[in-house]
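Shown next, in structure tokens, is the structure this report addresses.
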Amino acid sequence: LAAGYGKGATAENTVVLGGDTPAELRMPCEPTRHKVLDLLGDFALLGVSLHADIIATRSGHALNQAAVRRLREQLDDAELAGEVMAQDGYDIRDVMRLLPHRYPFLLVDRVIEVEGFRRAVGIKNVTINEPFFEGHFPDQPLMPGVLQLEALAQLSGFLLQRKLEHTGKTVVLAAIDKVRFRGGVTPGDQLRLEVETLRMSSNRGTVKAQAKVGRRVVSEAVLSFAMIASS
């Protein structure tokens with residue numbers, strides 16, 4: 001208490017090992033159970049389903065978190081080398097977990113391919129129910145090119161946000177370069193979104209992006225992002 005920790009602790013609600021306290025252990029192995037729960041909580045920050053035997057000797061949060069950081073670095077290297085993939089694909093629930101966008105502005109329905117933090121492929125199913133078709137255009141519905149770029153930006157954000165998920169940072173679009181619109185997108189089309197990381201640092205990222213209908217490229221651009229602290 002003198003050090004400023006455990007200010008809600010009293011002799012009645014705290015078990016002091018080796019001390020004279022009225023509180024009793026709920027079970028003989030309670031300290032061990034506490035350490036196991038600490039370890040499970042720290043390893044949950046790894047962001048993957050871990051199947052492993054973990055042997056911990058005199059473990060604590062500092063050692064646990066150091067091990068998690070080392071494992072995360074090895075997983076990142078393995079994903080970038082194409083040796084492992086986080087999972088086969090990501091459905092709309094996974095997309096919504098990493099992206100803040102919601103209907104009607106969520107423009108990625110599914111992510112079907114991910115190669116580490118280097119490349120991702122996503123799908124946007126374009127239907128006549130899209131709200132923008134009501135005015136763009138009533139007699140000749142076309143998906144606005146800027147919304148094609150938005151869909152590419154969202155997939156890029158998904159790709160980069162995977163690396164930032166546990167860092168407290170958020171990906172925001174900072175610049176768009178080398179934009180080309182090469183074809184129309186109409187109701188019934190399936191927009192295939194492809195993004196590839198060109199550069200990435202702790203606070204910036206640049207992505208090459210293309211949108212296709214079938215094999216036909218309909219839009220492309222180079223997108224730049226900033227990584228900012230989440231509020």
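FYI, it's all coordinate maths here, none of it is from the lab. Nothing here was measured: the structure is a model prediction, and the numbers come from that model. As a convention, Cβ positions derive from the backbone with ideal geometry for all residues, glycine included, and neighbour counts pool all protein chains shown.
General observations
- Where labels lie 7 Å past Cα in the beta-carbon direction, separation of Ala175 and Gln65 in nm: 3.5 nm
- Axis of helix 61-80 versus longest Cα principal axis of the chain: the two differ by about 30°, to the nearest ten degrees.
- Each part reduced to its alpha carbon centroid, region 212-231 and region 108-143 end up 12 Å apart.
- Glu134, Glu12, Glu150 arranged by Cβ crowding within 10 Å, fewest neighbours leading: Glu12, Glu134, Glu150
- Partner aspartates and glutamates for Lys163 [C-alpha distance under 13 Å; skip if fewer than 8 residues away on the same chain]: Glu73, Asp76, Asp77, Glu79, Glu115
- In this calculation the C-beta distance from Arg33 to Lys7 is compared with R0 = 30 Å, giving a FRET efficiency of 0.80.
- Between Ala52 and Ala229, the simple label model (points 7 Å from Cα in the Cβ direction) yields a spacing of 3.0 nm.
- Positive-end ranking of Gly157, Leu223, Leu191 along the dipole of the chain, with charges on Cβ about the Cα centre, is headed by Leu223.
- Taking the alpha carbon gyration tensor of region 31-178, multiplying each eigenvalue by 5 and rooting it gives semi-axes of 40, 15, 13 Å, largest first.
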